[in-house]
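Read-outs throughout are calculated quantities, based only on the coordinates presented, and are distinct from any laboratory measurement. Everything numeric here is computed off the predicted structure, so don't read it as measured data. Note that we place each Cβ from the backbone using ideal geometry, even for glycine, and neighbour counts take in every protein chain shown.
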Amino acid sequence: MKRIYVNEKWCLGCHLCEYYCAFANSGEDNMAKALKDVVIHPRIRIEQQGNVSFAVSCRHCQEPLCVKGCISGALTVQNGVISIDSEKCVGCYTCILSCPYGAIMPSDTGAVQKCELCTKNKEGQPACVKGCPNKAIVFEERGEVQ
Amino acid sequence: MTRYAIIGNSAAAVGCVEGIRQVDRQGPITVISDEPHHTYSRPLISYLLEGKTDRVRMQYRGADFYEKNGVTPLLGKRAASIDPEKKTIILTSGEKIPYDKLLVAAGSRPFLPPTEGQETVTKVFTFMNLDSALALEQALTPESRVLIVGAGLIGLKCAEGIAHRVNTITVVDMADRILPSILDEAGSKLVQTHLEEKGLTFHLSDCVAKFEPDAATLKSGQRVPFDILVMAVGVRPNTSLIADAGGQVRRGVVTDEFCRTSLPDVYAAGDCAQSFDITTGQERVLALLPNAYMQGETAGIHMAGGEGKPYDRAIPMNAIGFFGLHIITAGSYQGEEVLMQKGNTYKRLFYQDDRLKGYILIGNVERAGIYTSLIREQTPLSSIDFDLICEKPQLMAFSKRARAKALSGAAG
């Protein structure tokens, strides 16, 4: 299936992916309205150290420890996309304990949040990929580990 | 066609059903449980009383789970014994259920230490399953003075769940600190202070010497009046079905890396079974939901004849929170350590022989799974940047090559 892949060689550390992510999941139509004077909680995060930077978001693992370990059944795999039912999630953070990438994070609502490849918002395609000015984040098929 | 039977209906049982169905779409599965409920999440009972979930949302799988997976649920029925020769389960009703492959996921039961005068207490509850939580809920009033015996995970989650609906909560534990199974002394102290600020009262290094109908006299001589008593001292694995059938049992049911017991075609998973803890190299019962699910799934794949991976990465691990203060811990606390404490944020890392062995995070628990992964994968610390990983869990601490594999390689 198509996944998000990052190449740190091309990452500028501009954080635009974080802003596009926050906007895509804000439910707002206007980017300025969605992001101005707001502390954003994006589902993709840049790690930065010296001149190295790269984005991290959910890898949609084939053997997802977060889904297997989810105590409420809120995390499920929907057509390969690891999806969170925020109504079911009680915010126990067992998934934060389990994810080897550190890609699941708390949200304002008490439930956790994570990248769902923009399948649940009006973008339909990952907004971080579209917004990356240097193609350091791509959305493509690279095969699966058997 | 292989006939599957599962005794139990919680995480390990669901993992087993989903494991079987990865391999075998046809063979009929019978699930036997003494609880009359659709599969639900046991650990959510405290959230149910707290009002953070409800009976529908706490279902562990959708309403169509049994139908979709070709499962015949026998709910409200208890397995009395197993006949491994005849490959039959005998229910207390006398019914006999034949099987080709069986999973015993019988869970655990509350341990109730014999105490003088306990028979005089009428409003006494445990906190293990949905029915016990609903019974407790029925008894609660805004005037209730609640005494909880046990300051472990179960007792304190119960306290959090009912705190807003009762007058007072007092917790007694024999240990000298709260949550002794997951926290060190300093961490316990920090969480205890937080819980005291929320109104809980603790009597530690103490125990109930004698019960009266509405009061407990502690060993220290103090008297604690109460209206409602919750016993949360500990649990015991339900091993008797396996033991009575001649299977090997120590603390829990003895299983191998595919969750097979010593009885042919009988598997065990979840809180009744032992796992191999890679952080200590010892067999122990790891009564944790993720462990139960993954054991059950491993068993299911193997029962159905699949080429499943062995379950050989078990570690103790817990994510738990109280009144907004989050705690994540994993592994075992041995070796050298790194300690950082600032206000309500506490971090202690333990390492030995070039491996991360365990950690305690309180307050800031972000990205804790990166630490868990170092323990589970037994990653040599010499292969990563130790200072960066101590500072915070981050992929930046890994080599460029390891990062490229993690973030742009095929998904694992």
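The charge dipole of chain B, taken about its Cα centre with unit charges on the Cβ of Lys, Arg, Asp and Glu (plus for the first two, minus for the last two), comes to roughly 720 debye.
Calculate the length of the line joining the C-alpha centroid of the stretch A:58-74 to that of the stretch B:5-84, in whole Å. Using only Cα atoms to place each centre, the spacing works out to 18 Å. Of the trypsin sites (Lys or Arg not before Pro) found in the stretch A:1-58, those that fall in a DSSP loop while having at most 16 other beta-carbon atoms within 10 Å are A:9, A:36. By the helix-only formula, in which each DSSP H run with n ≥ 4 contributes -39500 (n - 2.57) and the sum is divided by residues, chain B has a 222 nm mean residue ellipticity of -7000 deg cm²/dmol.
For the pair the stretch B:373-408 / the stretch B:334-360, the C-alpha centres are spaced 16 Å from each other. Each Cα pair under 8 Å and six or more residues apart adds its separation to the average, and for chain B the resulting relative contact order is 15 percent.
Positive-end ranking of A:92, B:168, B:247 along the dipole of the protein assembly as shown, with charges on Cβ about the Cα centre, is headed by A:92.
Evaluate the distance, in nm, between pseudo-label points positioned 7 Å from the Cα of residue B:196 and of residue B:120 along their respective Cα→Cβ axes. About 3.1 nm separates the two model spin labels. Applying a DSSP loop filter and a limit of 14 other Cβ atoms within 10 Å to the GluC sites (Glu not before Pro) in the stretch B:92-197 leaves B:95, B:143. Remark: the residue B:215-residue B:401 segment gains 60.6 nm on full extension, using 0.36 nm per residue and subtracting the alpha carbon distance.
Can you find, among B:369, B:340, B:351, the residue farthest towards the positive end of the dipole of the stretch B:324-408? Put +1 on the C-beta of Lys and Arg, -1 on that of Asp and Glu. The listed residue farthest towards the positive side: B:369. Within the stretch B:270-322, the GluC sites (Glu not before Pro) that combine a DSSP coil assignment with at most 11 other C-beta atoms in a 10 angstrom radius are B:307. For the pair residue B:189 and residue B:78, label points projected 7 Å from Cα toward Cβ lie 4.6 nm apart.
Other protein chain C-beta atoms within 10 Å of residue C-beta, averaged over B:42-50: 2.
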